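In what follows, a single structure is set out as structure tokens and then discussed.
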Amino acid sequence: MRKSFFGHTALVMSAAAGLLLTACGGGDDPGPTLPQLAPATGATLSSCAALASSFSFANTTIASAEVVPVGTLTWGGAAVAAHCLVKGEMFRRTSAMDGNSYAIMFEMRMPQAWNGRFFYQANGGSDGVVQTALGGGGSNPSPALTQGFAVISSDAGHQGQGNLAFGVDYEARLDYGYKAVAKLTPMAKALIKAGYGKTPDRSYFGGCSNGGRHTFVAMTRVPEEYDGYLAGAPGYRLPLAAIANQFGAKRYASVATDPADLSTGFTSVERAMVSAQVVAKCDALDGATDGIVQDVNACQAAFDFQRDVPTCTGARDGTCLSAAQKTAIAPIFSGATDALGNKFYASFPFDAGHNAADSSFWEFFVSTVIDPGATALIWSTPPADPATFNGTTFALTTPIDNMLAAVSATNVTYTESGLSLMQPVEPTKLDRLRNRGAKVMVYHGVSDPIFSVNDTTAWYEGLRANNAGDASNFARYYRVPGMSHCGFGPSTDQFDMLPALVDWVEKGQAPTSVTAQARGPGSALGANPDVPAGWSSNRTRPLCPYPQVARLRAGATDLDSASSFRCE
């Protein structure tokens, strides 16, 4: 199984204007009064073909504009409505650093019947490819384009998924980190005005994984440009998460029975066994024995890795872990550290999805192929030589402290460090966004093996602390038990937060729980292979705003229905 580097695409949105709203805090308590943004109003596209010849914007070339008839694109088995597909590029240049040609390539899809909203689709991975501008994806049942948004997608300024050598060019680094968004946003809004006769009433921004990172960066760097932000599995400290993954690779290598295959250090059978032990200890803490660990915090207090996972007394056979394995693996869960024992990335919680369908990809492939390349070529100062670079050798032999120093370094050529250009600016201080009435929704799988849900929880706790202990009047955070990276895992991983975000931004209707559904056999969006056989194929659960937990209602017996649970 291959997935785009650092995850899927995801969804998000935007807004701006006046009135007042008393938003719900924490679930029931009223929070401070914030500006209420007015609803968007729709319009009809004037002419698609004319955009190719009539639209003009600085440093921008439109390559084509053509009508896409209804049904040419489908999503979840349903036809996508007719729209205009505009393709173009911005800031074409030849690099003086590596001699290669660079540009920010993009596509914009503009519905014939437009709802007045713009969606910036922040893509996953190392970018490098203009993904179809649907405005969402993965297990989202209705991406933004299908809801009537105009949607833009870009390659973030370099070409080729997996082409990490672009990091030699400093401007390409900056575009990937944050500049492409700043360059594309005003152009996209001008293109929308050219097509519909007005700029978007509301603008939204979102994505999952690296797309979630882009969203966090946009929240802090362009808070006036977007009205709604939807971030999934936000790798907002991506370089540190990548180094932590290489920290894990070194530890798996120390107990691998086959040095060429890190997964032999912690096999699929062993990961499933650990997950089963977690479920056995924690499943009932939320009042329902249903294979889902809803009370994440209580589970971390109840489960002890050394005590509750059997220790092998003989050969490894999948029913236990050796003492050496426990010594090697425990620090991955407790949080990666430098040579002095200082933790530089978050811990990972114990959950039900440690053997999700994508877990081996993230822990054993990405850690030795993609993460080392990104660390050494995109974020390090100076970058490694792409011609001689070997990812596996780098990951397994380079000291962690050397990696941390390199991504923090600058010189006369690379004047902004990899950490600085990739991370949001003071992400727990969102006053400008908050004060103008914009809203934030964030979700993260508890079983995510690459970006820790605990890291996102720490961000939200910091946001709460900077807002008198409660940020829920403008930002809400949802943990998804069992879910791996942007999907998969024994979880209800199909949900659509975009309508809830729109209603919050434009109507003042603060979201409470969001209903999520399992993707069993027959799912229009494809079956999730991790859905247990004993579940209903369309089991539902409420995703609760942190710190609330979904608990079984008194007297409820239907463990496949969200209505049997309440957030408390």
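The values are calculated or read from the model by the stated rules, or taken from the named source; none is laboratory data. The model shown is predicted, which means the values in this text are computed figures rather than measured ones. Using ideal geometry, Cβ is built from the backbone for each residue, glycine included, and neighbour counts are taken over all protein chains shown. Note: accessible area is taken over every heavy atom of the protein model, side chains too, but ligands, DNA and RNA are not part of it. Shrake-Rupley method; radii C 1.70, N 1.55, O 1.52, S 1.80 Å.
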Note to self: On a 29 Å Cα-Cα criterion, which of the cross-link pairs Lys87/Lys179; Lys429/Lys507; Lys87/Lys507 come out too long?
What the structure shows: Lys87/Lys507
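Counting heavy atoms of the protein chains only and a 1.4 Å probe, report the per residue accessible area for the range 392-438 as a whole number of Å².
Here the per-residue accessible area is 46 Å².
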Margin query: How far apart, in nanometres, would the label points at Ala113 and Thr289 be if each is projected 7 angstrom from Cα along the Cα-to-Cβ direction?
Written below: 5.1
Note to self: Using each residue's phi in the range 54-59, evaluate 6.51 cos²θ - 1.76 cosθ + 1.60 at θ = phi - 60° and report the 3J(HN,Hα) Karplus result to the nearest Hz, with x for Gly and Pro.
What the structure shows: 9, 7, 9, 8, 4, 6
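Could you work out Rg/(2.2 N^0.38 Å) for the range 416-568, with Rg from alpha carbons only?
Numbers: Rg = 16.9 Å, N = 153, 2.2 N^0.38 = 14.9 Å.
Here the Cα radius of gyration is 1.14 times the empirical estimate.
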Notebook entry, point to check: Which aspartates and glutamates, on any chain, are close to Lys281 with Cα under 19 Å apart, when same-chain ones fewer than 8 places away are left out?
Noted result: Glu270, Asp290, Asp295, Asp304, Asp308, Asp351
Notebook entry, point to check: Full extension from Gln509 to Glu416: what is 0.36 nm times the residue separation minus their Cα-Cα distance, to one decimal in nm?
Noted result: 29.4 nm
Notebook entry, point to check: Using a 1.4 angstrom probe and counting only protein chains, how large is the accessible area of Glu171 in Å², to 10?
Noted result: 50
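Over the range 146-230, with the other protein chains present, what is the accessible area per residue in square angstrom, probe 1.4 angstrom?
On the way: 1730 Å² over 85 residues.
For the range 146-230, the per-residue accessible area is 20 Å².
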Notebook entry, point to check: In terms of Cα to Cα distance under 21 Å, which lysines are near enough to Lys343, apart from those fewer than 8 places away along the same chain?
Noted result: Lys250, Lys326
Note to self: What's the magnitude of the charge dipole for the range 307-399 around its Cα centre, counting Lys and Arg as +1 and Asp and Glu as -1 at the beta-carbon? Answer in Debye, nearest 20.
What the structure shows: 260
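How large is the dipole of the chain about the Cα centre if only Lys and Arg carry +1 and Asp and Glu carry -1, each at its Cβ, rounded to the nearest 20 debye?
Working: 40 positive and 47 negative charges, 190 e Å.
For this selection, approximately 920 debye.
From the C-alpha gyration tensor of the range 347-448, pull out the three semi-axes of the equivalent ellipsoid (sqrt of 5λ each), sorted largest to smallest, in whole Å.
Working: eigenvalues 164, 122, 22 Å².
Result for the range 347-448: semi-axes of 29, 25, 10 Å.
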Next item on the list: Go through the range 531-536 residue by residue and turn each phi into a ³J(HN,Hα) via Karplus (6.51, -1.76, 1.60, θ = phi - 60°); whole Hz please, and just put x for glycine and proline.
Entry: 5, x, 4, x, 7, 5
Checklist line | Cross-link partners of Lys183 among aspartates and glutamates (Cα-Cα below 17 Å; sequence separation of 8 or more within a chain) | finding: Glu89, Glu107, Asp127, Asp155, Glu171, Asp175, Glu224, Glu225
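Going by the alpha-carbon gyration tensor, a ≥ b ≥ c the square roots of its eigenvalues, is the range 215-303 rounded (a/c under 1.5) or, if a/c is not under 1.5, prolate (a/b greater than b/c) versus oblate? Write out the running numbers ahead of the final one.
Working: a/c = 3.29, a/b = 1.26, b/c = 2.61.
Since a/c reaches 1.5 but b/c is at least a/b, the shape of the range 215-303 is classed as oblate.
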Check: Using the reciprocal of the averaged 1/r over all distinct C-alpha pairs, how large is the Kirkwood radius of the range 307-350 in Å?
Finding: 11.7
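Taking the Cβ-Cβ separation of Ala280 and Ala58 as r and a Förster radius of 56 Å, what is the calculated FRET efficiency to the nearest 0.05?
Numbers: r = 61 Å, r/R0 = 1.10.
With a Förster radius of 56 Å, E is 0.35.
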Margin query: Starting from the 7 Å offset along Cα-to-Cβ, what nm value, one decimal, do you get for the label separation of Glu224 and Ser563?
Written below: 4.9
Check: Which one of Ala554, Cys567, Thr457 has its Cα pushed farthest toward the positive end of the charge dipole of the range 441-568, where Lys and Arg give +1 and Asp and Glu give -1 at the Cβ?
Finding: Ala554
Notebook entry, point to check: What whole-number value in Å² describes the accessible area per residue of the range 449-568 for a 1.4 Å probe?
Noted result: 33
Checklist line | Segment Asp470-Arg553, extension gain: residue separation times 0.36 nm, minus the distance between their alpha carbons | finding: 27.3 nm
Notebook entry, point to check: Hey, could you pull the Cα Rg and Dmax for the range 150-230, both in Å?
Noted result: 13.5, 41
Notebook entry, point to check: Rounded to a whole number, what % of the accessible area of the range 198-260 do carbon and sulfur atoms account for, probe 1.4 Å?
Noted result: 48
Checklist line | Positive dipole terminus of the chain, leading residue within Thr220, Ala188, Leu340 (C-beta point charges) | finding: Ala188
Next item on the list: Return the carbon/sulfur percentage of the accessible area of the range 334-465, one whole number, probe 1.4 Å, all protein chains in place.
Entry: 53
Note to self: If amide hydrogens are placed 1.01 Å from N in the peptide plane, which non-local residues have theirs closer than 5 Å to the one on Val68?
What the structure shows: His83, Cys84, Leu85
Checklist line | With all protein chains modelled, accessible area of Lys343 [1.4 Å, Å²] | finding: 120
